[in-house]
Structure formats: structure tokens, C-alpha cells
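The block underneath contains the structure these notes are about, expressed in C-alpha cells.
No lab work stands behind these numbers, since they all come straight from the coordinates. What you are looking at is a predicted structure, and each value in this text was computed from that prediction instead of being measured. Note: ideal-geometry Cβ built from the backbone for every residue, glycine included; neighbour counts use all protein chains shown.
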Amino acid sequence: MPKVTFQPDDTSVDVRIGENLLRAAMAADVAVTASCGGGGTCGKCRMIVDSGSVDSAVSSKLSAEQTAAGYILGCKSLVTGDVVVRIPPESRPGAAPAAARGGRTHNVTLSAEEHRERLPEFALAPAVRTIPVIVPAPDLADNASDAARLAGALRRDHGIDDASFELEALRALPAALRDGGWTVAVRVDETGCAPRVTGVRGGGTVAADLAVAVDVGTTSVEAALVVPTST
């Protein structure tokens, strides 16, 4: 069986032909960073071939200079015979970022105006929103129900046609209209086939809409509660 030797650990392990170097390092208990679990997407399991040869796939995670210097990705390199590989410091778990190691970084700082110039124009179109609605008060000549009056105001002033009402919204509507002087804040859900009024509150004061921004990475998921704006 081929022997793989890892430096500077000076640790060797026998593996079968066709085994990749990352799994060989794991078998030899040699610590190597592999945030993506060996899928070839993080580019962190970098190694350098000191002697011998491996069958290594080309990876966009390595620059031309790194490839010329002998860098390979352990997860994308298959053992074909005896080989000695070196684990560089940046491939160790807990390695400092390039700036802390004295490497070169490229920092670009943009102003808010420059960010806006680079971003395409877009308009927010949330599926669920809360809008202030002024509803005409009833009189002797117009005695339509509260729900019909609100539906008419939504259609006339906000372009929301054929809105249906959830039971809780219907129950809250009479008091909300009268307590708010016929001005209400209406929560409308437009995720289905037709818009639905899911809540009403007297007074028409609308709190800021909130959204959740999610960043799914190779090793973690970050979420933040944000106030979305069109800028």
C-alpha cells in the first residue's frame, strides 16, 4: 500500500491507491481545516507536494501562482503512490487570517452613495404588509357592513381587490374602526391566490416592517432582523 507522509508532523500512514489526501490526513490524525467537509467548495485543505505525485483535480479555489508553487487541495487529490506532502500553516485549524499573518489583503470601502450607484434599482414588494386605511363612516344613505366598507377602501385607495377576512380580523374590526375614528392599520397577506386581511388595529399607525436576512455559509448560518428599505 502507498505511504503518505505529512510534514512538518513527520507522520505517515498507509492508504489504498485512490484514497484522497484529506481522508489520509484524518486517518493519520493530522489536523487539516476542511470547512466544507471535503466537498471541494471551501478551498481550505491546501497542501504542498514535496515529493512523489498525486492525481489532483484542477480547482478554482487555487490561484495560478499557488498551483505553480505546488499547492493542491487535499480533498481533490488522490494517492497514486508514495508521497510526502506538507501542511502549510494557513491550512491548520484556528489559523490566523492573511492580514494577521502579514499577507496581503485588498480592502475596498464604499460610501452609501457608491453602494446605491452599484446596486440595481428595485422596489420592495413584501407578501405581508400593514397599511393605513381610511374607511368612510356609515350614514343613513350608506349602511354597508364594516367588512364591506373596509374592502371597498382597500380596493379604491390601495388597489387590493377581492380581499377576504380571517375570523379574528372580522371580530376585531368593529371596535378598531370606531376606536380609531374610522382609520385603521390593516395587515394584508398576499401570499395566496387572493389577498387576506389577517389583522386590524385602530388608529392607522403603522409600525416599521421587519424582515429576516439569512446568510447560509459552508459551516454556519447567520440570521439578522432588519428593517427593509428601498435604498
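Dipole orientation for region 116-231: of the candidates Gly159, Leu140, Val188, Leu140 has the Cα lying most toward the positive pole (charges on Cβ; Lys, Arg +1; Asp, Glu -1). Tally Lys and Arg at +1 and Asp and Glu at -1 over the other residues with C-beta under 14 Å from the C-beta of Arg86: what net charge comes out? Around Arg86, the surrounding residues sum to -2.
With K and R counted +1 and D and E -1, the other residues having a Cβ less than 15 Å from that of Asp142 yield a net charge of 0. Placing dummy labels 7 Å off each Cα toward the beta-carbon, the span from Asp157 to Asp10 is 8.2 nm.
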